[in-house]
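These notes concern the structure reproduced below.
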Amino acid sequence: MPIARALVAALALWTVTVTPAYAAPEGQLTWGVHITLAPTWFDPAETPNLITPYMVMYALHDSMVKAMPEHPMVPSLAESWKASPDGKTYEFTLRKNVKFHDGSPLTAEDVKYSFERYRGTAAKSLKERVASVETVGANQVRFKLKNPWPDFLTFYALSSGAGWIVPKKYVEKVGEDGYKKAPVGAGPYKFVSFNPGVELVFEAFDQYWRKSPSVKRLVFKMIPDETTRLAALKRGEIDIVYSIRGELAEELQRTPGLTLKPTIIQAPQWVAMLDQWDPKSPWHDRRVRLAANLVVDRNAINQAVTLGHSRITHSLIPSTFDFSWKPPAYKVDVAQAKKLMAEAGYANGFDAGDYYMDISYANVQEIVAGMLQQQLGIKTRMKNVERAAYWSGYTDKKYKNLAYTASGAFGNAATRLESFVVKGGPFVYGSYPDIDGLFAEQAAELDRKKREAILHKIQQLVHEKAMIIPIWELGFLNGQGQRVQESGLGLIPGHAYSAPYEDVRLKK
């Protein structure tokens, strides 16, 4: 049996023991969220290749298979699954007696509907390769692929929202816009209210199949300003805060009763040089791209912003991902960088134009921009955009010059490359034929060792071409207050936010 199918078979035998009923949920946990949440993240159908929507989805929704503390691919709504010997058919058996928040039963028809309705980042990859979805009774679903595809389960279950199930009858009743205003899912928490820019409120769903949540009410308060978030935590108005960095993180550590909770997440951050395929752009010259990499002092940024907790990997692929390849480090060498710039005809630097970024990471990107200007004379203008709008503009191909880029989505090296490097990817502004050819070759390769070799070669080419300016694998610094027994931070390896929410607890 090929290794890919052997892995599927092994995982399919994984059993999940439903724990005994817990005491009735009680109390309230409040988060200080570092970004402004958007209704598009309430709907699995629109899930982009980002980690942000999963902050909401792990509470409101449930997936056929998902990452959990015990394993990155655990049966959830799907009690089990199996793949055919030829790798072209996957059959899922649903867990019985699962209910949506409106009391309706979750059935195979909802699974089929959720897949067909999905239009997020991975929609093109999934729907080009899936020939049909069939319901086999109320509790079985069969996916037929056009050709064997070793990454089907990874795309379906981990790196997209296609496997997160919504109630067909309810969505059809309220319509697309109505669903975003009052979403219904099958997760451990029910939607209560959303005040845009202010707060999102959930309440425990005590019929959740895995176990009844411990905390009655979850409140996510949107506080984009870091100083204000920390002040709210210190006053006891907030129980958990996301993204506290630099001097504020040091202040949090010094404050009695507060705990700094750093987690290294599967979210490399890098600068994309979007115009490198334009012969008229300075970024078209590899020497310029390499020079930029040689003046970014990643270790200094790490110490200043994330107190040394980030992991410097020099790659856009998380080091924990399957098929990842470790590139050689870029050592800071200003003299060599200036020599390269002079050889390329830019001894005095150049005007690089607008530098687009997610406003929540502006402080990091401002440091990078400062290093480029101070050392090489590369001048930029910061364009800060709120997260939801930022990534919408990115996928709509509205940017040029430079753009902050990151992803904390689940997956493997192939899923990340398909989104950000390979022709046709949602965040790809240009590509290289040799990389595109190798990617198509690995997508059809069922021999794991051969496939790994191809994916490693692609990552080597990304490094050799100096396609990006990698920064780090983010050390995400969060804080929790005295009332928290279990924050959920770090329970799921690589996941940025608190989860699974049914496991968070207040102190008695």
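The values are calculated or read from the model by the stated rules, or taken from the named source; none is laboratory data. In this text the structure is predicted, and so the values were computed from the model without any measurement. Using ideal geometry, Cβ is built from the backbone for each residue, glycine included, and neighbour counts are taken over all protein chains shown.
Considering the stretch 233-280, the residues that are of a type in the set (D, E, K, R) and in the same structural domain as Thr405 (by TED's automatic domain parsing) include one that is nearest to the chain's Cα centre (by Cα), namely Asp275.
Considering the stretch 62-75, the residues that are closer than 20 Å to Ala496 by Cα and not hydrophobic (A, V, I, L, M, F, W, C) include one that is surrounded by the fewest Cβ atoms within 10 Å (Cβ to Cβ), namely Glu70.
Taking the stretch 394-508 and the strands (runs of 3 or more DSSP E) fully enclosed by it, the elements with 3 or more residues that are touching a residue at least 24 places away in the same chain (Cβ under 8 Å) are at 402-406, 468-480.
Every condition in (1) at pLDDT 95 or above; (2) more than 30 Å from Arg217 (Cα to Cα); (3) surrounded by fewer than 22 Cβ atoms within 10 Å (Cβ to Cβ) holds for Gln485 except the one numbered (2). Checking each residue in the stretch 123-176 for being among the aliphatic types (A, V, I, L, M) and free of Cβ contacts under 8 Å to residues at least 24 places away in the same chain picks out Val130, Ala131, Val133, Val174.
Among the candidates Leu446, Leu461, which residue alone is surrounded by fewer than 22 Cβ atoms within 10 Å (Cβ to Cβ), in contact with a helix residue (DSSP H, G or I) (Cβ under 8 Å, 6 or more places away or on another chain) and at pLDDT below 95?
Checking each option against the conditions leaves just Leu446.
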